[in-house]
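Working notes for the structure below.
The values are calculated or read from the model by the stated rules, or taken from the named source; none is laboratory data. Just so it is clear, the model here is predicted, and its values are computed rather than measured. All Cβ positions, even for glycine, are placed from backbone atoms using ideal geometry, and neighbour counts span all protein chains on display. Quick note on the areas: whole protein, heavy atoms, side chains included, nothing else; ligands and nucleic acids left out. Shrake-Rupley method; radii C 1.70, N 1.55, O 1.52, S 1.80 Å.
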Amino acid sequence: MKEVVKYYNWIDPSVELVKQMSYMQLSQKFYDAFKQCGTSLKSPLIARRLHAQLILSGLDASLFLLNNLLHMYSNCAMLDDAFRVFRQTSHANTFTWNTMLHALVHSGRMREAENLFDEMPVRMRDSVSWTTMISGYCQNGFSAHSIKTFKSMLRDSDHEIQNFDPFSYTCTMKACACLASTQLALQLHAHLIKLHLGAQTCIQNSLVDMYIKCGAIRLAEAVFLDIENPSLFCWNSMIYGYSQFYGPFEALRAFTRMPQRDNVSWNTLISVFSQHGLAVRCLSMFVEMCNQGFRPNFMTYGSVLSACATISDLQWGAHLHARILRMEHSLDAFLGSGLIDMYAKCGCLGLARRAFDCIGELNQVSWTCLIAGVAQFGLGEDALALFNEMRLDSVELDDFTLATVLGVCSGKNYAASGELLHGYSIKSGMESSVPVGNAIITMYAKCGDTEKSSLAFTLMPLRDTISWTAMISAFSQNGDIDRARRCFDTMPERNVITWNSMLSTYFQHGFTEEGMKLYVWMRRKAIKPDWVTFATSLRACADLATVKLGTQVISHAIKFGLSSDVTVANSIVTMYSRCGQIKEAEKVFDSIHVKSLISWNAMMAAFAQNGIGKKVIETFEDMLRTGCKPDHISYVAVLSGCSHMGLVAEGKHYYDSMSQVFGISPTNEHFACMVDLLGRAGLLDQAKNLIDGMPFKPNATVWSALLGACRIHHDSRLAETAMKKLMELNVEDSGGYVLLANIYAELGELENVADMRKLMKVKGIRKSPGCSWIEVDNGVHVFTVDDTSHPQIKEIYIKLEEMMKKVEDTGRYVGAVSSAHRSKKYHSEKLAFAFGLLSLPSWMPIHVMKNLRVCDDCHLVIKLFSLVTSRELIMRDRYRFHHFKDGFCSCGDFW
């Protein structure tokens, strides 16, 4: 009220000093008062009393003061008062109209602004009028209207184009960027060149930004390189653009070339590293930023806290917490939410709650972060209790919070809670919210009720791409591939996430060929892929062991600048390794700048599968030296590598260190590896004792490992024990039965062989038919035992007979003959290699895949094939890779 008294004292006409003022002095006093009220006080009470004093002073006829009165009212968000003044003004000028237009646009009342602009006399419209409308449409989400208004300005204006404010062009370019229209962008750029406006800094900034947001990085780069001294804005835009299209390290290269940097430069790069999962890089950039004297802000802390959460680095996160409190003196909702998320993802829910309790003013985001943090540990009941606590505190719920809580209800145990929340969303009117509707679809799908998901989807008044994608995922979870595809085909528009969802649906359910066809269609439709697209497609290529298709996908990833993404690189390692190209896999692994735990595990698994046990151990030790902690998958890889190479002492050492050093409790997978290791080495008693001492019931994998070892060492009695255990587990896979039958056959116990076959017949268990396949001339050729269907089968048999003659001439082969077996002469892998020798050039290694374990006879024959042909032959069977060269196999005849 002191400010009110102050204004009355020097504006009230009854005050003597005011009476002595000239018109100009009084006008200046009113101008200063209006400006002070509109910029700092923003008081409706003062604004209206100043208006009253203006009327009493008799100066309300001054157009200058009326325009400033309008400006004050709009700054105080008193639009109705401003509009009444505007309507009462009989002699409005261009400034009056523009002030009123700006007020309506700034408050988001675009329909009223549009009507007022149409009402405005054409002769009064200037560049400010047009720019206000162009900018207003863009700021309020009507980018297409911005473009339309810009075109009208060029067409209808009587002024020279050169007189227009450059801001009208920058606003139009921003609208074009929102529409992501490269065609429009090129037209605008050409227009600017025609008018010789391209040299202005604001135009250059907008051009670079527009092209980047249109996805035209090369055009942005061309503009950028043509600028003699690019502004900081241009540099920062290019850093962002390079990160989006070429990856974070290209962005880093641009950053290092900058002649000078500001906080935006550092924040952009730190955010890029954080978003790409390069947490260590993110943290090191933060340290360098601080060392160079730049002060972090809330954006910086947000990115760095997210990086700490990604790698669960509690020590760094706690250091940041202390720094924030020391530098910022208080904890606002934004930083507090980042701390909650970090502590929760580091597994410290108590610290997350303490950070939550320290926030001065809690908001929906704070509550939602804590609820999500609790939910990620599977503590659904606690998350729902927090939601109820939030409601009791009268915190206003928004659709994001409700969607998060709906996400807690995952599984049939939470179906009732999910339905209650669905009911709450209807009662509160939030059911019509698209995010809430999407969460309801997902909730029902995770609770196993696809029909309710479908009903919720059908009843949604508005749907977005996420709605359709959620429905595709729901059908996928239920195994209904046809309905998922129909949903995909019906969508009004699709984004890359939708395409990825449909790709994953096909690949996860074994429809790999359909998935790869969809990938090809996606490329033809010019959909820009992301790292998920490539990671998913490469995993499918790995499962199929189709190296040619895999290398095509890799070339696409390189083209889009995503091959350096750590997840994509990990998938490339896996793809190459499963195709037997271990050297290529190792090259890609070595090229990964910051290796994640998944990177190390992928490489160790690659070496293990390819029978290079010592390299598995070397890689494991290298990983430990980097400070990366192993997980249970790491130990499966290292124990598997030891098993394949018969490294018993090493295997025992790593098995003990798993629990003693890293506190990892062994699972069935680890026990199976150890049983396999001990069993293959002939230590069958130790293997059986290990099983007997397991703290939980052994599964089929463990007993199958023992059964396989019994076959190697011809121990039919222990094999019977293992088979009995497998039958108790109701294992209907034919492998165990066939394995035991083979043991009996090799021991000459033909009666037992017959009994096993009868048992299989009674149980309806059929032996999985063996097949092998090979890639030749962009096609996959599949062979079965005694195959007669291949169009070149005659030439293949002739080639095989020729090769067998050369093999027998070595003196190292005697054909296996057993009355219990059919002839092994024409097993599928022999036919596949014979076809490869016929079809592929002599310098090229031959890769063959087989769905079952390779038999002893075929293993010996293929070894000798490699000797007599002097060629490298590579085969992947059900368990591992075999690299045959010069008459030897990488497995050392231990498989």
Worksheet entry | Arg853 being within 22 Å of Cys579 (Cα to Cα), within 44 Å of the chain's Cα centre (by Cα), open to solvent by 50 Å² or more (accessible area, probe 1.4 Å) and among the basic types (Lys, Arg) | yes
Fill in: Checking Ile572 against (1) at pLDDT below 95; (2) among the β-branched types (Val, Ile, Thr); (3) touching a helix residue (DSSP H, G or I) at 6+ places or on another chain (Cβ under 9 Å), the condition it does not meet
(1)
Response to the item:
Those residues of segment 833-859 which are part of a helix (DSSP H, G or I), in contact (Cβ under 8 Å) with a residue 40 or more places away in the chain and within 20 Å of Tyr797 (Cβ to Cβ) amount to Phe833, Phe835, Gly836, Leu838, Ser839, Asp857
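Listed here are the residues, each with its yes/no results for (1) closer than 30 Å to His556 by Cα; (2) out of contact with any His (no Cβ under 8 Å at 6 or more places or on another chain); (3) not in a helix (DSSP H, G or I).
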position: Leu186; (1), (2), (3): yes, yes, no
position: Ala199; (1), (2), (3): no, yes, yes
position: Gln204; (1), (2), (3): no, yes, no
position: Asp209; (1), (2), (3): yes, yes, no
position: Arg218; (1), (2), (3): yes, yes, no
position: Glu228; (1), (2), (3): no, yes, yes
position: Asn236; (1), (2), (3): yes, yes, no
Worksheet item: Taking segment 112-143, which residues are outside any helix (DSSP H, G or I) and open to solvent by 70 Å² or more (accessible area, probe 1.4 Å)?
Response: Phe142
Discussion item. So the check is Cβ under 9 Å with 6+ separation or different chains; which pairs have a first residue in segment 192-213 that's at positive phi and a second one that's of a type outside the set (Val, Ile, Thr) and exposed (fewer than 14 other Cβ atoms within 10 Å of the Cβ)?
Written reply: His196/Gln162
Practice prompt. Could you please give the count of residues in segment 466-480 that are open to solvent by 20 Å² or more (accessible area, probe 1.4 Å) and part of a helix (DSSP H, G or I)?
Written response: 4
Worksheet, complete the sentence: Pairs returned, first residue in segment 382-396 that is loosely packed, with under 13 Cβ neighbours inside 10 Å, second residue that is at pLDDT 85 or above and of a type outside the set (A, V, I, L, M), beta-carbon separation under 9 angstrom, 6 or more apart or interchain, are Asp393/Trp367
Worksheet entry | Any hit, segment 270-278, residues being buried (at least 19 other Cβ atoms within 10 Å of the Cβ), of a type in the set (A, V, I, L, M), touching a residue at least 40 places away in the same chain (Cβ under 8 Å) and closer than 22 Å to Ile592 by Cα | yes
Worksheet entry | Top-ranked residue in segment 13-33 [being assigned to a loop (DSSP other than H, G, I, E, B) and loosely packed, with under 14 Cβ neighbours inside 10 Å; ranked as modelled with the highest pLDDT] | Ser22
Fill in: Members of segment 240-259 that are of a type outside the set (Asp, Glu), touching a helix residue (DSSP H, G or I) at 6+ places or on another chain (Cβ under 7 Å) and open to solvent by 20 Å² or more (accessible area, probe 1.4 Å)
Tyr240, Phe245, Leu252
Item to complete: Restricting attention to segment 584-635, report how many residues are within 28 Å of Phe273 (Cα to Cα), small (Gly, Ala, Ser) and part of a helix (DSSP H, G or I).
Response: 7
Worksheet item: If only one of Val520, Val553, Val532 is more than 18 Å from the chain's Cα centre (by Cα), of a type in the set (A, V, I, L, M) and not in a loop (DSSP other than H, G, I, E, B), which one is it?
Response: Val520
Practice prompt. Kindly provide the set of residues from segment 338-347 that are modelled with pLDDT under 90, more than 20 Å from Ile270 (Cβ to Cβ) and hydrophobic (A, V, I, L, M, F, W, C), ordered by number.
Written response: Ala344
Worksheet item: In segment 683-694, is there at least one residue being in a loop (DSSP other than H, G, I, E, B) and open to solvent by 40 Å² or more (accessible area, probe 1.4 Å)?
Response: yes
Worksheet item: What are the residue pairs meeting all of these: first residue in segment 498-527, first residue without any contact (Cβ under 8 Å) to a residue 24 or more places away in the chain and under 20 Å from Ile466 (Cβ atoms), second residue among the aromatic types (Phe, Trp, Tyr) and open to solvent by 40 Å² or more (accessible area, probe 1.4 Å), Cβ atoms under 6 Å, and 6 or more apart or on different chains?
Response: none
Response to the item:
Residues of segment 281-314 being of a type in the set (Phe, Trp, Tyr) and surrounded by 15 or more Cβ atoms within 10 Å (Cβ to Cβ), in sequence order, are Phe286, Phe294, Tyr301
Worksheet item: Quick check: anything in segment 789-812 within 30 Å of Glu751 (Cα to Cα), among the charged types (D, E, K, R) and surrounded by fewer than 19 Cβ atoms within 10 Å (Cβ to Cβ)?
Response: no
Response to the item:
(1) in contact with a Pro (Cβ under 9 Å, 6 or more places away or on another chain); (2) within 27 Å of Met443 (Cβ to Cβ); (3) of a type in the set (A, V, I, L, M) all hold for Met327 apart from (2)
Discussion item. Any residue in segment 472-484 that is within 19 Å of Glu513 (Cα to Cα) sitting within a Cβ distance under 6 Å of a residue that is surrounded by fewer than 18 Cβ atoms within 10 Å (Cβ to Cβ)? List the pairs, counting only those 6 or more apart or interchain.
Written reply: Ile481/His509
Fill in: Residues that are open to solvent by less than 10 Å² (accessible area, probe 1.4 Å), of a type in the set (Ser, Thr, Tyr) and more than 16 Å from Thr96 (Cβ to Cβ), drawn from segment 41-75
none
Worksheet item: Can you tell me which residue in segment 315-337 is modelled with the lowest pLDDT, limited to those that are open to solvent by less than 40 Å² (accessible area, probe 1.4 Å) and of a type in the set (A, V, I, L, M)?
Response: Leu331
Practice prompt. Could you check, for segment 426-440, whether at least one of its residues is under 25 Å from Lys528 (Cβ atoms), modelled with pLDDT under 90, among the hydroxyl-bearing types (Ser, Thr, Tyr) and surrounded by fewer than 21 Cβ atoms within 10 Å (Cβ to Cβ)?
Written response: no
Item to complete: Specify which of the listed residues (Asp656, Asp631) is touching a Leu at 6+ places or on another chain (Cβ under 7 Å), open to solvent by 30 Å² or more (accessible area, probe 1.4 Å) and of a type outside the set (A, V, I, L, M, F, W, C).
Response: Asp631
Worksheet item: Within segment 864-895, how many residues are among the hydroxyl-bearing types (Ser, Thr, Tyr) and either open to solvent by less than 20 Å² (accessible area, probe 1.4 Å) or part of a helix (DSSP H, G or I) (or both)?
Response: 2
Worksheet entry | Failed criterion for Met210 (all others in (1) modelled with pLDDT of 95 or more; (2) surrounded by fewer than 20 Cβ atoms within 10 Å (Cβ to Cβ); (3) aliphatic (A, V, I, L, M) hold) | (2)
Worksheet item: Among the residues of segment 666-682 satisfying the criterion of being closer than 18 Å to Ser640 by Cβ and not in a helix (DSSP H, G or I), which is farthest from the chain's Cα centre (by Cα)?
Response: Ala681
Response to the item:
Selection from segment 348-374 of residues part of a helix (DSSP H, G or I) and open to solvent by 30 Å² or more (accessible area, probe 1.4 Å) yields Leu349, Gly350, Leu351, Arg353, Arg354, Asp357, Cys358, Gln364, Val365, Cys369, Ala372
